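To start, the structure itself, in structure tokens.
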Ligand SMILES: Nc1ncnc2c1ncn2[C@@H]1O[C@H](COP(=O)(O)OP(=O)(O)O)[C@@H](O)[C@H]1O
Ligand SMILES: [Mg+2]
């Protein structure tokens, strides 16, 4: 996996394809070049920024494998969003026997487990504030002290963190410590969302289909109608969402070796099952129409207006975020907000 310096974009694509990263888009080549350099030539700390499902984990693992000094040692993932606040310190740094009630044996923390290798701090934006100074201290001094221990142990790890939202606004809002931010963000690799690398769709669909070769009929082509359709999807869940869509389409496919729009949409219909909430909404509409004496069109309009109002009020700030939450296009959001005169509740840019 070593070889000479990849100079051309195509060399980067084939190198990273071996690591499970399928791409042929210029936006990705920039990121991959930086990743290769970081892995191969240095021990630098990296921060991978990208929406959920853009491939942060696969990229981090790829960097570990390209790192000749560290690849034989462990790659350890810390799920920062799910470490329990009370047990996190012992999970991360270990504990001595009897350090606290329930600490029956000695426990090796995740940092010690990663010694010599790579520690991947996933969803670092969700790291509880009270743990941030402890993490910073370990990163700065390269020493960990297990809970209840009186001696420190040195740890040698490369640190790669991932965030699914930009850290800078969190620093502004004092939800993320600035000193830790600077320590983690030595080099930032920003993974573009799938909707911004449309040229990758075909390759990704084929790669995802290939992963299921053992179960479903092989697929070796993608029809233009499906590509056309996929190019217009917002994919808030990015490659992960595409993967699930491909599997669903393969599951429903009845004939041929080319995946087409009909394969995709036929299974979509079974994925949307008539559900309790839809029945309740329909029944509420029925009442509205009869009791209020309004028309079907007006009733639907009013429901739509209120849906957008709720969505805009419940958090998403930008039009893109709103589109992503509602699993629709930015254009639809723009038009609906405008027609319902809601434009001010969801400005296109986050207000300063
Ligand atoms: N460029 C890519 N090529 C092939 N598969 C990818 C690519 N990016 C992501 N994936 C796949 O998509 C899924 C989500 O990737 P992951 O690295 O877990 O994303 P994230 O950590 O950003 O949420 C995984 O199954 C991964 O293998
Ligand atoms: Mg992830």
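The values are calculated or read from the model by the stated rules, or taken from the named source; none is laboratory data. Quick caveat: nothing in here was measured; it's all calculated off a predicted structure. Using ideal geometry, Cβ is built from the backbone for each residue, glycine included, and neighbour counts are taken over all protein chains shown.
State whether one or more residues within the range 210-223 are part of a helix (DSSP H, G or I), touching a helix residue (DSSP H, G or I) at 6+ places or on another chain (Cβ under 6 Å), outside the structural domain of residue 318 (by TED's automatic domain parsing) and within 17 Å of residue 256 (Cα to Cα). Full working, then the answer.
Taking the range 210-223 and keeping what is part of a helix (DSSP H, G or I), we get 210.
Keeping just the survivors that are touching a helix residue (DSSP H, G or I) at 6+ places or on another chain (Cβ under 6 Å) gives none.
No; the residues of the range 210-223 include none that is part of a helix (DSSP H, G or I), touching a helix residue (DSSP H, G or I) at 6+ places or on another chain (Cβ under 6 Å), outside the structural domain of residue 318 (by TED's automatic domain parsing) and within 17 Å of residue 256 (Cα to Cα).
Quick one: in the range 214-239, of everything that is loosely packed, with under 14 Cβ neighbours inside 10 Å and within 25 Å of the chain's Cα centre (by Cα), which residue is nearest to ligand 1 (Cβ to nearest atom)?
Among residues in the range 214-239 that are loosely packed, with under 14 Cβ neighbours inside 10 Å and within 25 Å of the chain's Cα centre (by Cα), the one nearest to ligand 1 (Cβ to nearest atom) is 231.
Name the residue that is nearest to ligand 1 (Cβ to nearest atom), counting only residues in the range 27-44 that are free of Cβ contacts under 8 Å to residues at least 40 places away in the same chain and under 20 Å from the mean Cα position of the chain (by Cα).
Here is the first cut: in the range 27-44, the residues free of Cβ contacts under 8 Å to residues at least 40 places away in the same chain are 29-30, 32-33, 36-37, 39-42.
With the extra rule that they be under 20 Å from the mean Cα position of the chain (by Cα), the set shrinks to 29-30, 32.
Details: 29: 12, 30: 14, 32: 10 Å.
Across the range 27-44, the extreme among qualifying residues is 32.
Which one is nearest to ligand 1 (Cβ to nearest atom) among residues in the range 166-196 that are more than 20 Å from residue 130 (Cα to Cα) and touching a helix residue (DSSP H, G or I) at 6+ places or on another chain (Cβ under 7 Å)?
191
Here's the yes/no breakdown for (1) surrounded by 15 or more Cβ atoms within 10 Å (Cβ to Cβ); (2) assigned by TED's automatic domain parsing to the domain that holds residue 188; (3) modelled with pLDDT under 95:
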{"residue": "1", "(1), (2), (3)": "no, no, yes"}
{"residue": "14", "(1), (2), (3)": "no, yes, no"}
{"residue": "18", "(1), (2), (3)": "no, yes, no"}
{"residue": "23", "(1), (2), (3)": "yes, yes, no"}
{"residue": "29", "(1), (2), (3)": "yes, yes, no"}
{"residue": "32", "(1), (2), (3)": "yes, yes, no"}
{"residue": "36", "(1), (2), (3)": "yes, yes, no"}
{"residue": "42", "(1), (2), (3)": "no, yes, yes"}
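From the list 297, 263, exactly one residue is over 30 Å from residue 53 (Cα atoms) and either assigned by TED's automatic domain parsing to the domain that holds residue 21 or assigned to a helix (DSSP H, G or I) (or both). Which is it?
Working: 263 fails: over 30 Å from residue 53 (Cα atoms).
Sole residue among the options that is over 30 Å from residue 53 (Cα atoms) and either assigned by TED's automatic domain parsing to the domain that holds residue 21 or assigned to a helix (DSSP H, G or I) (or both): 297.
Of everything in the range 52-74 that's within 23 Å of residue 182 (Cα to Cα) and surrounded by fewer than 20 Cβ atoms within 10 Å (Cβ to Cβ), which residue is farthest from ligand 1 (Cβ to nearest atom)?
61
Give me a count of the residues in the range 99-126 that are within 16 Å of ligand 1 (Cβ to nearest atom) and not in a helix (DSSP H, G or I). Before the answer, list the steps.
To start, the set of residues in the range 99-126 that are within 16 Å of ligand 1 (Cβ to nearest atom) comprises 118-126.
Remaining after also requiring not in a helix (DSSP H, G or I): 118-123.
Number satisfying all stated conditions: 6.
With away from ligand 2 (no atom under 16 Å from the Cβ) and under 23 Å from residue 60 (Cβ atoms) as the only criterion, which of 102, 94 stands out?
Values: 102 fails: under 23 Å from residue 60 (Cβ atoms).
Answer to the check: 94.
Scan 12, 47 and give me the residue that is within 16 Å of ligand 2 (Cβ to nearest atom) and touching a residue at least 24 places away in the same chain (Cβ under 8 Å). Spell out how you get there, then give the answer.
Working: 12 fails: within 16 Å of ligand 2 (Cβ to nearest atom).
Sole residue among the options that is within 16 Å of ligand 2 (Cβ to nearest atom) and touching a residue at least 24 places away in the same chain (Cβ under 8 Å): 47.
Any residue in the range 145-171 that is over 30 Å from residue 321 (Cβ atoms) sitting within a Cβ distance under 7 Å of a residue that is modelled with pLDDT of 95 or more and within 16 Å of ligand 2 (Cβ to nearest atom)? List the pairs, counting only those 6 or more apart or interchain.
Every condition considered, the pairs that remain are 157/118; 157/119; 158/118.
Considering only residues that are surrounded by fewer than 20 Cβ atoms within 10 Å (Cβ to Cβ), touching a strand residue (DSSP E or B) at 6+ places or on another chain (Cβ under 7 Å) and closer than 19 Å to residue 227 by Cα, which ones fall in the range 188-213?
Selection gives 202, 206.
Exactly one of these conditions fails for residue 279: (1) in contact (Cβ under 8 Å) with a residue 24 or more places away in the chain; (2) in a helix (DSSP H, G or I); (3) more than 25 Å from residue 26 (Cβ to Cβ). Give me its number.
(1)
Look through the range 301-341, keep the residues that are in contact (Cβ under 8 Å) with a residue 60 or more places away in the chain and assigned to a helix (DSSP H, G or I), and return whichever of them is farthest from residue 165 (Cα to Cα). Before the answer, list the steps.
Initially, the range 301-341 is screened for residues in contact (Cβ under 8 Å) with a residue 60 or more places away in the chain, giving 323-325, 327-330.
From what's left, assigned to a helix (DSSP H, G or I): 323-325, 330.
Values: 323: 16, 324: 14, 325: 14, 330: 19 Å.
By that ranking, first place goes to 330.
Out of all the residues in the range 108-122, which are surrounded by fewer than 20 Cβ atoms within 10 Å (Cβ to Cβ) and either in contact with a helix residue (DSSP H, G or I) (Cβ under 9 Å, 6 or more places away or on another chain) or not assigned by TED's automatic domain parsing to the domain that holds residue 61 (or both)? Please lay out each step first, then the result.
Step one: filter the range 108-122 for residues surrounded by fewer than 20 Cβ atoms within 10 Å (Cβ to Cβ), giving 108, 112-113, 115-116.
The answer is 112, and nothing else.
Among the candidates 230, 139, which residue alone is within 28 Å of residue 261 (Cα to Cα), touching a helix residue (DSSP H, G or I) at 6+ places or on another chain (Cβ under 6 Å) and not assigned by TED's automatic domain parsing to the domain that holds residue 331?
Sole residue among the options that is within 28 Å of residue 261 (Cα to Cα), touching a helix residue (DSSP H, G or I) at 6+ places or on another chain (Cβ under 6 Å) and not assigned by TED's automatic domain parsing to the domain that holds residue 331: 230.
Quick test for you: out of 342, 261, 250, pick the one residue that is modelled with pLDDT under 90 and surrounded by 11 or more Cβ atoms within 10 Å (Cβ to Cβ). First the steps, then the outcome.
Details: 261 fails: modelled with pLDDT under 90; 250 fails: modelled with pLDDT under 90.
The unique qualifying residue is 342.
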